[in-house]
Amino acid sequence: MNRWRDLYCGELRPDDVGRTVAVAGWVARRRDHGGLIFIDLRDHTGIVQLVVNPERSKEAAAAAHAIRSEFVVHARGEVVNRAPDAVNPNIATGGVEVQVDELEVVARSEPLPFQLDDDGVEEPLRLRYRYLDLRRDRMQRNLRLSATVIAAIRRSMEEQGFIDVWTPTMTLGTPEGARDFLVPVRLQPGKFFALAQSPQLFKQTFMIGGLDRYYQIAICWRDEDLRADRQFEFRQLDLELAFPTREEVLEVLENVMVASFESLGRTPPARPFRHLSYADAMLRYGSDKPDLRFGVEIQDATEVTRGSEFGVFANADCVRFLVAPTAFSRAELQRLEDFAKEWGAKGLAYLVVDESGEVRSPIAKFLSADELAAFAAPPGSTVLFAADSQAMVERVLGALRSELGQRLGLIDDARDELLWVIDFPLFLPDEETGKWTFVHHPFTSPLEGHEDLIESDPGGALSQHYDLVWHGWELGSGSIRVHQQEIQERVFRAMGMTDEEAQAKFGWFLEALRMGAPPHGGFALGIERVVALFAGEANIREIIAFPKTASGWDPLTGAPAPTTQERLSELGIKLQTPPA
Ligand code: ASP
């Protein structure tokens, strides 16, 4: 290759025996066997064993003595077969080693803050020294897997006739349900750009502009609490098509997902992906992103409990239950009740059916034969109930179902099922204000024929919004959009926005809708989520090179950081709490 190396460390094979080669990399391990020194030299392809023998090279042996872990080393020597009892069948280079003639320490390393083969290192320390963490197999594997998937996604999009167009990151607020990150502007003190929560309005504008099929791996910024599947900044495969049917949009995404599976040599899930309506998903799984790798479906018992002698059931708007495949002990039931209460339940009624089929429950005596028949469950199971408002019942049983899936080990990891959740409501009441607010974003079209419900029954209007779900994660969302200005204004009004407010926030876009806007629709797929699931990681931080911690800062650079009074004055900003 060049003066440093002829090949990568992990590439040496028995075929190379007899060659003189140069290799370079990091010292993973150095063992001193009284006289002979063994060095495991590592790069991103693997490890090769160097043997330094003072009888072969005095200079190399002297250099080897000073070497420590993670020194950067360059060596030249002869590839030989290892002695039969020294062969390491666990690594690809395990049959050979390099007998060193020249050894050069290219860069030294201080003692490390953690050992690279220690799997128990706390995350803040890993992030503080991310460059060391990146040398480890896990991060190498994850970042390379990510690059493979992104390349496959781009290829698929190009093959499907989409063109890659860039959109501004500094813009006006884009309503995706989070807060905007604001950027002050020195030349216009007192004014702020918002970092785009997504390219939503720009991509719709592309359709009005006749671009027909747009895509971009777009960075999005959202100021919201961080979670396992959320960071302040993340990437989306963002796309939009003119004159589409919903099925066409879904097909584009299915092609992308299949290409991603194939790029990793994995068998893609069956197509078309399963469809589930929002209403069904909420009823059967208590979630609009159900994990389909296990059963434990929720069942409705509202009807059968209307005349119940158990007042909690009779008086609740909604009664539902699920059957856990195990007969829980009293202590376990107590823990589950505490869990349900954390999610807002007032209690957790249950029927335990023990192995002999006998029912144990403080409420059984209040239940009629009809009720008991409706809740019939096999021996060795527990029926768990929620009785409350429908929204609370969905929330509690949805959370309980996920918890049971984890706790009882019900999840079948080998099962890859991708799911489309469709027919979402257009609006839901905002939890704090009670006002109607969009479920997806305000540019989502009502379902055909539901336009008049915008005013007459906002809560009953369904939309053309769809989500892609995998393993209980929402991979992405999209919709067929409103393309008529008049309907767009009606949606804004239904959300309690005055025409003046709508004009101030979205006037430019309402104007564009008046100048020949074709029907259009699109989608955005969360790249980090897709990659994390492919990598088998439970947190997207594991597939991001430099993520923020859960509390929202970067231990490597120390960002975010205070700024100087001078910078603030230039920007026309006065802090309520002056910088420390
Ligand atoms: N802008 C939407 C989002 O970021 C996706 C879309 O509707 O295309 O979720």
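Coordinate-derived values only; no laboratory data. These figures come from a predicted structure and were not determined experimentally. Here Cβ is always computed from backbone atoms with ideal geometry, including for glycine, and neighbour counts include all displayed protein chains.
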For the stretch 490-522 the number of residues that are of a type in the set (A, V, I, L, M), in contact (Cβ under 8 Å) with a residue 40 or more places away in the chain and either touching a Lys or Arg at 6+ places or on another chain (Cβ under 8 Å) or within 18 Å of LEU211 (Cβ to Cβ) (or both) is 5
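Quick one: which helices (runs of 4 or more DSSP H) sit completely within the stretch 450-557 and have at least 1 residues that are within 16 Å of the ligand (Cβ to nearest atom)? Break it down stepwise before answering.
Details: elements: 453-456, 485-494, 499-513, 527-535.
Those helices (runs of 4 or more DSSP H) span 485-494, 499-513, 527-535.
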Going by the structure shown, is VAL256 within 11 Å of the ligand (Cβ to nearest atom), over 25 Å from GLY173 (Cβ atoms) and not in a strand (DSSP E or B)?
no
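Being crowded, with 16+ Cβ neighbours inside 10 Å, part of a loop (DSSP other than H, G, I, E, B), more than 16 Å from the ligand (Cβ to nearest atom) and in contact (Cβ under 8 Å) with a residue 24 or more places away in the chain narrows it down to one of LEU419, LEU384, LEU410, so name that one. Before you say what the answer is, go through the steps one by one.
Values: LEU419 fails: part of a loop (DSSP other than H, G, I, E, B); LEU384 fails: part of a loop (DSSP other than H, G, I, E, B).
Among LEU419, LEU384, LEU410, only LEU410 is crowded, with 16+ Cβ neighbours inside 10 Å, part of a loop (DSSP other than H, G, I, E, B), more than 16 Å from the ligand (Cβ to nearest atom) and in contact (Cβ under 8 Å) with a residue 24 or more places away in the chain.
Being farther than 15 Å from GLY472 by Cβ, in contact with a helix residue (DSSP H, G or I) (Cβ under 7 Å, 6 or more places away or on another chain) and assigned to a loop (DSSP other than H, G, I, E, B) is the filter here; which residues of the stretch 274-310 pass it? First the steps, then the outcome.
As a first pass, look at the stretch 274-310 and keep what is farther than 15 Å from GLY472 by Cβ: 275, 277-280, 283, 299-310.
Cutting the leftovers down to in contact with a helix residue (DSSP H, G or I) (Cβ under 7 Å, 6 or more places away or on another chain) gives us 300-301, 304-310.
Passing the criteria: ALA301, VAL304, THR305, ARG306, GLY307, SER308, GLU309, PHE310.
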Note on the stretch 171-187: residues within 16 Å of the ligand (Cβ to nearest atom) and over 15 Å from GLN231 (Cα atoms) are THR171, LEU172, GLY173, THR174, PRO175
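Is there a residue being within 16 Å of the ligand (Cβ to nearest atom) and on the phi < 0 side of the Ramachandran plot anywhere in the stretch 283-292?
Here is the first cut: in the stretch 283-292, the residues within 16 Å of the ligand (Cβ to nearest atom) are 288-289.
Adding the requirement that they be on the phi < 0 side of the Ramachandran plot leaves 288-289.
Yes - at least one qualifying residue is present in the stretch 283-292.
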Residue pairs within 9 Å by beta carbon, gap of at least six or interchain, first lying in the stretch 186-214 and touching a residue at least 60 places away in the same chain (Cβ under 8 Å) and assigned to a loop (DSSP other than H, G, I, E, B), second of a type in the set (A, V, I, L, M) and near the ligand (Cβ under 10 Å from one of its atoms), listed first then second, are SER198/ALA218; SER198/ALA524
Screening PRO54, PRO113 for residues that are in a loop (DSSP other than H, G, I, E, B) and surrounded by 14 or more Cβ atoms within 10 Å (Cβ to Cβ) leaves only PRO54
Residues of the stretch 215-234 being touching a Cys at 6+ places or on another chain (Cβ under 8 Å) and either more than 11 Å from the ligand (Cβ to nearest atom) or not in a strand (DSSP E or B) (or both), in sequence order, are GLU233
Note on the stretch 190-214: residues more than 10 Å from the ligand (Cβ to nearest atom) and either acidic (Asp, Glu) or within 30 Å of ARG567 (Cα to Cα) (or both) are GLY190, LYS191, PHE192, PHE193, ALA194, LEU195, ASP212
